[in-house]
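Readers should treat all values here as calculations from the given coordinates under stated rules, not as data from a laboratory. Quick caveat, the model's predicted, so the values are computed rather than measured. Every residue, glycine among them, receives a Cβ derived from its backbone with ideal geometry; neighbour counts consider all protein chains shown.
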Amino acid sequence: MKINFVQTIIAIAASLLIAYGLYSFHDSKNKILLSAGSFVFLAIALVLSIGISFELPRTTTNVRVLSGLFFAMGLISNLIFSSINFSVPSYVIINGILLLVFISLVYAINKVKQ
């Protein structure tokens with residue numbers, strides 16, 4: 001696994017800006033949870049999508065496609081949460097499950113080494 005620092009910094013900055021946008025548009029007591037949760041989820045997905053490459057090109061392509069899909073799902077999920085009043089457990093459970101499924105799929109793709 002090779003990390004490209006410039007692209008990783010760009011991915012983190014983009015995730016930070018999206019999280020700030022969600023923070024500024026949401027108007028309830030869960031603003032900080034929404035922005036922190038969206039930053040973590042989107043940063044992980046974007047860093048794996050554009051900031052990291054693996055030894056084999058197929059693995060890199062598969063992880064990038066999967067990361068792009070989960071980035072879109074995470075963004076849609078967080079946009080929905082920013083437009084409704086939500087409870088803390090529902091946000092943590094839904095985004096936690098999405099993140100764990102994503103990480104386990106990336107691990108499985110990397111482990112296959114094709």
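Just need a number here: residues in segment 24-53 that are without any contact (Cβ under 8 Å) to a residue 24 or more places away in the chain, part of a helix (DSSP H, G or I) and surrounded by fewer than 17 Cβ atoms within 10 Å (Cβ to Cβ). Spell out how you get there, then give the answer.
In the first step, residues of segment 24-53 are kept if they are without any contact (Cβ under 8 Å) to a residue 24 or more places away in the chain; the result is 24, 27, 29, 31-32, 35-36.
Still in the running and part of a helix (DSSP H, G or I): 24, 31-32, 35-36.
Of the ones still in play, those that are also surrounded by fewer than 17 Cβ atoms within 10 Å (Cβ to Cβ) are 24, 31-32, 36.
The number of residues fulfilling the criteria is 4.
Would you point out the residue of segment 54-63, among those that are assigned to a helix (DSSP H, G or I) and touching a residue at least 24 places away in the same chain (Cβ under 8 Å), that is surrounded by the fewest Cβ atoms within 10 Å (Cβ to Cβ)? Outline the logic, then answer.
Here is the first cut: in segment 54-63, the ones assigned to a helix (DSSP H, G or I) are 57-63.
From what's left, touching a residue at least 24 places away in the same chain (Cβ under 8 Å): 58-59, 62-63.
Working: ARG58: 12, THR59: 19, ASN62: 19, VAL63: 21.
Once the filter is applied, the top-ranked residue is ARG58.
Out of curiosity, is PHE70 among the hydrophobic types (A, V, I, L, M, F, W, C), under 23 Å from VAL106 (Cα atoms) and out of contact with any Phe, Trp or Tyr (no Cβ under 6 Å at 6 or more places or on another chain)? Can you show your working first?
On the way: among the hydrophobic types (A, V, I, L, M, F, W, C): yes; under 23 Å from VAL106 (Cα atoms): yes; out of contact with any Phe, Trp or Tyr (no Cβ under 6 Å at 6 or more places or on another chain): no.
Against the criterion (among the hydrophobic types (A, V, I, L, M, F, W, C), under 23 Å from VAL106 (Cα atoms) and out of contact with any Phe, Trp or Tyr (no Cβ under 6 Å at 6 or more places or on another chain)), PHE70 does not qualify.
Here are LEU99, LEU105, LEU66: which of them is of a type outside the set (Val, Ile, Thr), farther than 24 Å from VAL6 by Cβ and surrounded by 17 or more Cβ atoms within 10 Å (Cβ to Cβ)? Walk me through how you get there before you give the answer.
Numbers: LEU105 fails: surrounded by 17 or more Cβ atoms within 10 Å (Cβ to Cβ); LEU66 fails: farther than 24 Å from VAL6 by Cβ.
After applying the criteria, what remains is LEU99.
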